[in-house]
Structures are given as structure tokens and as C-alpha cells.
Amino acid sequence: MTETPPTPDPYVRQTPMAALWALVALLVGIELLLQLGDSGYGGLSRRWVFLHGAFWNPLLNGTNPLFDLQPVTMFLTHALLHGGLFHVAMNATVILSIGKLVTDLSGPARTILLFIITAIAGGGAFALLGPQEPIPMVGASGAAFGFIAAWKRWEFDFLRATGRSIRPVATFVGGLTALNVVLHFAMGGMLAWEAHLGGAMAGWLVAPFLSRPYAGRF
């Protein structure tokens, strides 16, 4: 009597996550260096780093930059900086947890590309909708929401393709939106919801172009 081996599920992959871990290590490493600087070690000033790398809306409205390309580079560099250990821990957790699925579906290179695209989109939305005062915006939250949106877009497309209800996706999006509203007011308006929105919209739109062919189940 012979047994037929199970047919492998074409969706399930064990994609190496080295690129994702390297990205998170970069985010955490930068914050740890800034923490050392805050404590008087290493000579790295958070103020100096934020002045050069955070997103500053006035730079798009005539304020002189500290270096020529700053109004361009800040669209990405702001996502590499955070306001503290808790801030970077939250974003790193989302990027790692959702990033595993993103990497499985798109591959390491496209995962990093998704991070870059959604981070830039988060900066763009903050430029259009955010306060125009000289208030620095930092954090990879736009990219984190981009990862979440890409994940939900793939689920949305799968549900539609298989004739199933998209209600789970709609419920999730509604709940996440409500959570952002609550946090915005709870944090006294200091939540960069504009970056979250921009990153999420970009993630939703580009996800179909970044995924590898898959079948079976989501």
C-alpha cells in the first residue's frame, strides 16, 4: 500500500526574512543611538538628527533647508526616526508581524520597496493635510499602515475572487479607522494620522502589483 504525498499549497512559502529583520534592526538601532545621545553618550544629538531627518512641512513652503536635498530626503528619512523606544517598538512590532505575510506574498525586495513607497506616501499626505507649523513628524507608522493595507488588499482581492463576503475586511478597516480617531484625540492631536492615511492608501493601491502569483487559500 502506498501513500500519496500531500500536494503542496502554492501559497505557503518559507521566504527568508533577513531583509525584514535588517530593516527593523536599522529602525531600532537608530533609536538606540539616539537614546545613548540623550543620556550623554556617543555625542549624537536627537535635536540635530531631527532637524536634518524629520519631516518639516515649512521646508515645502519657502523655509530654507539645512542642506539642498533635505526637502526631498525627508520624505523617507522621517520614517527611520522615532520619538522614543515605545514609538519604535510599536512600529517594529507591526512591521515584523505583518511583514512576514508581506514577504511571503511579495518577496524580500518588494517588501522593502513597499516600505519605501508607503513611507514616502505617508510624508506626502502629511505635507498636504498636516499642520504647516514647524512641528517635526517622525516614525515608520505610515509604512506600518501601508503593510496593513497591503495585507488587507490581498485578502480583499482573494475574497472577491472566491465569491466570499468582503465584510471581514470592511469591519477591520472600520475598526482601525475608529482606533485612529480615538488615539488622535487621546494624544491631544499629536498623532500623525495624515501619514497613516497616506501610507495606507499607497499600500492598498500598490499591493496588487507587488504580490507574487498564489493560489489555494489566503
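Assorted remarks:
- Exposure proxy shown here: for 21, 56, the number of other Cβ atoms within 10 Å sets the order, fewest to most, as 21, 56.
- Relative to the Cα centre, the charge distribution of the chain, modelled as +1 at Lys and Arg Cβ and -1 at Asp and Glu Cβ, gives a dipole magnitude of about 440 debye.
- In a fully extended conformation the segment linking residue 187 and residue 109 would gain 24.6 nm over its present Cα-Cα distance, using 0.36 nm per residue.
- Among 84-94, 61-71, 120-130, 182-192, sorting by the average number of other beta carbon atoms lying within 10 angstrom of each residue, highest first, gives 120-130, 84-94, 182-192, 61-71.
- Computed from the Cβ-Cβ distance with R0 of 45 Å, the FRET efficiency linking residue 97 to residue 64 stands at 0.65.
- Helix 193-210 and the longest principal axis of the Cα set of the chain meet at an angle near 40°.
- Chain lengthening between residue 212 and residue 52 when straightened (0.36 nm per residue, less Cα-Cα): 53.9 nm
- Which of 155, 133, 31 has the fewest Cβ neighbours within 10 Å, and the rest in rising order: 133, 155, 31
- The long axis of helix 18-38 is offset from the longest Cα principal axis of the chain by roughly 20 degrees.
- Restricting the calculation to alpha carbons of segment 95-144 gives Rg and Dmax of 13.0, 41 angstrom.
- Computed over segment 28-145, Cα set: Rg, Dmax in Å: 14.8, 43
Read-outs: derived from the displayed coordinates by stated rules, not from any lab. This is a predicted model, so every value here is computed, not measured. Virtual Cβ from ideal backbone geometry, glycine too; neighbours counted across all protein chains shown.
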